[in-house]
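The values are calculated or read from the model by the stated rules, or taken from the named source; none is laboratory data. Fair warning: this is a prediction, and the values are worked out from it, not measured in the lab. Cβ placement follows ideal geometry from the backbone for every residue including glycine, while neighbour counts extend to all protein chains displayed. In case anyone asks, the SASA skips ligands and DNA or RNA and just uses the protein heavy atoms, side chains included. Shrake-Rupley method; radii C 1.70, N 1.55, O 1.52, S 1.80 Å.
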Amino acid sequence: MATIFNDTQMTEFKRLVARYPEGKQKSALLPALHLAQDSFGGWLSTETMDYVASLLTIEPIEVYEVATFYSMYNLKPVGKFVFEVCQTGPCMISGSDNIIDYLKKTLDIKPGETTKDGLFTLKLVECLGACGYAPMMQVGKIYKEHLTKEKVDSIIAEYKAQAANN
Amino acid sequence: MGVKLLLDKANVPGIRTYDVYRREGGYRSVEKALKEMTTDTIVEEVKKSGLRGRGGAGFPTGMKWSFIAKPEGVPRHLVCNADESEPGTFKDRYLMEFLPHLLIEGLIVSSYALGSNDTYIYIRGEYAWITDILEQAIDEAKAAGWLGKNILGTGFDCNIHVQRGAGAYICGEETALIESLEGNRGNPRIKPPFPAIQGVWMRPTVVNNVETLAAIVPIINLGGEEYAKIGVGKSTGTKLISACGNINKPGVYEIDMTITVEEFIYSDEYCGGIKDGKKLKACIPGGSSVPILPANLLLTTAKGEPRYMNYESLSDGGFATGSMLGSGGFIVLDEDQCIVKNTYTLARFYRHESCGQCSPCREGTGWMEKILQKIETGKGEMSDIDLLWDIQRKIEGNTICPLGDAAAWPVAAAIRHFRDEFEWHVNNPELSQTSNFGLQHYADPIHVPA
Ligand SMILES: Cc1cc2nc3c(=O)[nH]c(=O)nc-3n(C[C@H](O)[C@H](O)[C@H](O)COP(=O)(O)O)c2cc1C
Ligand code: SF4
Ligand code: FES
């Protein structure tokens, strides 16, 4: 995949930059990295980060600094679907441990790993603001809440079907 | 039923769309503020309302607004803090998801009062679908003439932009948020200068919480004095509480701050009691940073008086026997919960979220996590408990931003009120791995178990 935004992505990039005052285009860095991550395979390679730096006319190091600080940027390739399961206090007291164990067993991976077929990555994360609907996980843009083992099974099936259809 | 000022229309079908919201009386406050009021009278009304910041610190909003510097020719900015990352807190999400136009309406009035022509909503990166909802609401409001150039023919221009964060609790702290908005790492700035003098791009900036800015709408509609009549003492108006943990009805509730904690937990209008008929053990009433309280001190103060869901009552007794209303993240723990484990997960959270600038916070949060994990997994020693106490004391008050305090307080309160449970873990390394200290603290004076 060439590291260059297509027309739609470039239009979105320009919209992001236009929100800030003249000369303050660096402010668009966080949103631009989200766009780049979504556009180039779900993670930020050095090549991708350098590309974003050149678009914003800032130094590559300024991009690396930011990309390494924020937890939503993946600095390594990830599976097609990333299951980010919340493990903080309120989720823990509502049974997130059981869901995490079940996911480990069902996917046969440890947190931080990706399944051999490249479909799923399991990530443990801290509070996502869904404490009242716990246990929960985030998959892409979507929150999956009130998780049970049955619900986890159907979520996995749903994404497998989605992958098979593409 | 208590008074509802923010969520009263939340269940109206289609309220998320502009047409329904407007039909239900939405955007009246913009008409009133822009056509009938000056920027000074708006700030006056907000002062009279007694509104206190809903992001956690409870600072009077009107006073904060009056501090904004107005140097000639320098643009000013209002920034809405939608970072909402304090464990237990999910009220802003609810408000933005179901009533996006209420926030936009509050933002227009507030931007006018502060003279912000470009206002930013900084939203936590994980709330991606809410970003879409907000952007749609902004487009609708703009199409209807409430945003853009020369709003209502008054000459006031205003645009609202939504910026997503990317996963960092520290970016909820207002100066870290400003750094992040500028495209930097979220390292809090040393104050002074305060944002009201030099904020985003070194321009005068006001940062307010989502709920605070939404509350501007009823304040303008009712008038500050009427708003101040709701509630009690310095806890005026209504407060959103996000309730979670081991209760029958987790969710977001709007309360007027005259109800007791007991009513909030046990009445069917709110939490509906403890789940599965279990007993209440403890509660963190204002987001993970505030002190945990055992059931007896939660429901009544040390003086034996009922405790109320407001700023003053929840902090009655100071940290010795009280807590704080904080962000309104209300976390309830039942008899089966382990205080050591709960404290460990919170310590892990703060270690993960420390930006690393100050050594007491960076090193201290790491040590607290490690020691708590050691005790939790049955490898702890008695001296570890004192060591924990010592570390938290050395963090508190010795850091650039309040995250250090926020990490220290939960550990301090857990040891203060549940020391015997920590000791039990140390004394019972094996038993503690398979069973639970349980309810030896149980002293709920009202709901005495059968
Ligand atoms: C570590 C830390 C995290 C914070 N997170 C938030 C947050 O997520 N949302 C918020 O509104 N305020 C948060 N605050 C408080 C803000 O710094 C600031 O006081 C608040 O946004 C001011 O708005 P208000 O006066 O309307 O409450 C946080 C503070 C600290 C120290
Ligand atoms: S207290 Fe912690 S989070 Fe705050 S500035 Fe210091 S190191 Fe960073
Ligand atoms: S603790 Fe899991 S979403 Fe808040």
Report summary line: Among (1) closer than 30 Å to A:Ala134 by Cα; (2) at pLDDT 95 or above; (3) away from ligand 3 (no atom under 16 Å from the Cβ), B:Ser85 falls short only on (3)
Query - Residues satisfying the stated conditions in the range B:350-378, i.e. within 16 Å of ligand 1 (Cβ to nearest atom) and of a type in the set (Gly, Ala, Ser) - result: B:Ser354, B:Gly356, B:Gly364
Report task. For the range B:153-172, state whether one or more residues are more than 16 Å from ligand 1 (Cβ to nearest atom), assigned by TED's automatic domain parsing to the domain that holds B:Lys91 and open to solvent by less than 10 Å² (accessible area, probe 1.4 Å). Result -> yes
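Does B:Gly397 fit the bill of being on the phi > 0 side of the Ramachandran plot and of a type in the set (Gly, Ala, Ser)? I'd like the intermediate steps shown before the answer.
Values: on the phi > 0 side of the Ramachandran plot: yes; of a type in the set (Gly, Ala, Ser): yes.
Criteria met by B:Gly397.
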Report summary line: All conditions in (1) in contact (Cβ under 8 Å) with a residue 60 or more places away in the chain; (2) open to solvent by 10 Å² or more (accessible area, probe 1.4 Å) are true of B:Glu211 except (2)
Query raised in the report: Can you name the number of the only condition in (1) of a type outside the set (Asp, Glu); (2) under 18 Å from the mean Cα position of the chain (by Cα); (3) within 12 Å of chain B (Cβ to nearest Cβ) that A:Gly41 fails?
Result: (3)
**Report entry** Residue under evaluation B:Lys249, criteria (1) outside any strand (DSSP E or B); (2) more than 14 Å from every other protein chain (Cβ to nearest Cβ), criterion not met
**Finding:** (2)
Query raised in the report: Can you tell me which of B:Glu84, B:Glu97 is in contact (Cβ under 8 Å) with a residue 12 or more places away in the chain, within 17 Å of the chain's Cα centre (by Cα), crowded, with 16+ Cβ neighbours inside 10 Å and at positive phi?
Result: B:Glu84
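Let's see how each residue does on (1) modelled with pLDDT of 95 or more; (2) not charged (D, E, K, R):
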{"residue": "B:Leu240", "(1), (2)": "yes, yes"}
{"residue": "B:Asn248", "(1), (2)": "yes, yes"}
{"residue": "B:Val252", "(1), (2)": "yes, yes"}
{"residue": "B:Glu263", "(1), (2)": "yes, no"}
{"residue": "B:Gly272", "(1), (2)": "yes, yes"}
{"residue": "B:Ser289", "(1), (2)": "yes, yes"}
{"residue": "B:Ala295", "(1), (2)": "no, yes"}
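Kindly evaluate B:Gly53 against the criterion of being open to solvent by less than 20 Å² (accessible area, probe 1.4 Å) and among the small types (Gly, Ala, Ser).
yes
To keep it simple, each residue is scored yes or no on (1) more than 21 Å from B:Gly26 (Cβ to Cβ); (2) more than 9 Å from chain A (Cβ to nearest Cβ); (3) touching a strand residue (DSSP E or B) at 6+ places or on another chain (Cβ under 8 Å).
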| position | (1), (2), (3) |
| --- | --- |
| B:Ala82 | no, yes, yes |
| B:Pro87 | yes, no, yes |
| B:Glu97 | no, yes, no |
| B:Pro100 | no, yes, no |
| B:Glu105 | no, yes, no |
| B:Ala113 | no, yes, no |
| B:Tyr122 | yes, yes, yes |
| B:Cys158 | no, yes, yes |
Requested in this report: Select from the range B:145-195 the residues that are away from ligand 2 (no atom under 16 Å from the Cβ) and of a type in the set (D, E, K, R) and list them in ascending order.
Outcome: B:Lys149, B:Asp157, B:Arg164, B:Glu182
**Report entry** Whichever residue in the range A:62-120 is within 8 Å of chain B (Cβ to nearest Cβ) and over 30 Å from A:Glu47 (Cα atoms) and, among such residues, is nearest to the chain's Cα centre (by Cα)
**Finding:** A:Gln87
Requested in this report: Answer yes if at least one residue in the range B:143-153 is farther than 21 Å from B:Val46 by Cβ and within 13 Å of chain A (Cβ to nearest Cβ), and no otherwise.
Outcome: no
Report summary line: Among residues of the range B:83-115 being assigned to a loop (DSSP other than H, G, I, E, B) and hydrophobic (A, V, I, L, M, F, W, C), the residue nearest to B:Gly155 (Cα to Cα) is B:Leu99
**Report entry** Residue match in the range A:80-96 (condition: within 16 Å of ligand 2 (Cβ to nearest atom), at pLDDT 95 or above, open to solvent by 50 Å² or more (accessible area, probe 1.4 Å) and not hydroxyl-bearing (Ser, Thr, Tyr))
**Finding:** no
Query raised in the report: Would you call A:Pro135 open to solvent by less than 40 Å² (accessible area, probe 1.4 Å), over 18 Å from the mean Cα position of the chain (by Cα) and at the interface with chain B (Cβ under 10 Å from one of its Cβ atoms)?
Result: no
Query raised in the report: When the residues of the range B:397-433 are filtered to those that are buried (at least 20 other Cβ atoms within 10 Å of the Cβ), touching a residue at least 60 places away in the same chain (Cβ under 8 Å) and closer than 20 Å to B:Gly55 by Cα, which remaining residue is nearest to ligand 3 (Cβ to nearest atom)?
Result: B:Pro410
Requested in this report: Give the residues of the range B:76-118 that are away from ligand 1 (no atom under 12 Å from the Cβ) and within 14 Å of B:Pro195 (Cβ to Cβ), sorted by residue number.
Outcome: B:Arg76, B:His77, B:Leu114, B:Ser116
Report summary line: Listed by range, helices (runs of 4 or more DSSP H) wholly within the range B:339-395 having at least 3 residues that are within 16 Å of ligand 3 (Cβ to nearest atom) and in contact (Cβ under 8 Å) with a residue 24 or more places away in the chain are B:339-353
Requested in this report: For the range A:52-66, indicate whether the set of residues that are of a type in the set (Phe, Trp, Tyr) and open to solvent by less than 50 Å² (accessible area, probe 1.4 Å) is non-empty.
Outcome: no
Report task. Enumerate the pairs (first residue in the range B:174-192 and in contact (Cβ under 8 Å) with a residue 40 or more places away in the chain and within 9 Å of chain A (Cβ to nearest Cβ); second residue anywhere and open to solvent by less than 10 Å² (accessible area, probe 1.4 Å) and among the aromatic types (Phe, Trp, Tyr)) with beta-carbon separation below 9 Å, excluding pairs fewer than 6 apart on the same chain, so at least 6 apart or on different chains. Result -> B:Ser180/A:Tyr70; B:Ser180/B:Tyr122; B:Leu181/B:Tyr120; B:Leu181/B:Tyr122; B:Arg185/A:Tyr70; B:Gly186/A:Tyr70
Query raised in the report: Do any residues in the range A:106-131 that are at positive phi have Cβ atoms under 7 Å from those of residues that are basic (Lys, Arg), where the two are at least six apart or on different chains, and which pairs are they?
Result: A:Gly112/A:Lys123; A:Gly118/A:Lys80; A:Gly129/B:Arg93; A:Gly129/B:Arg124
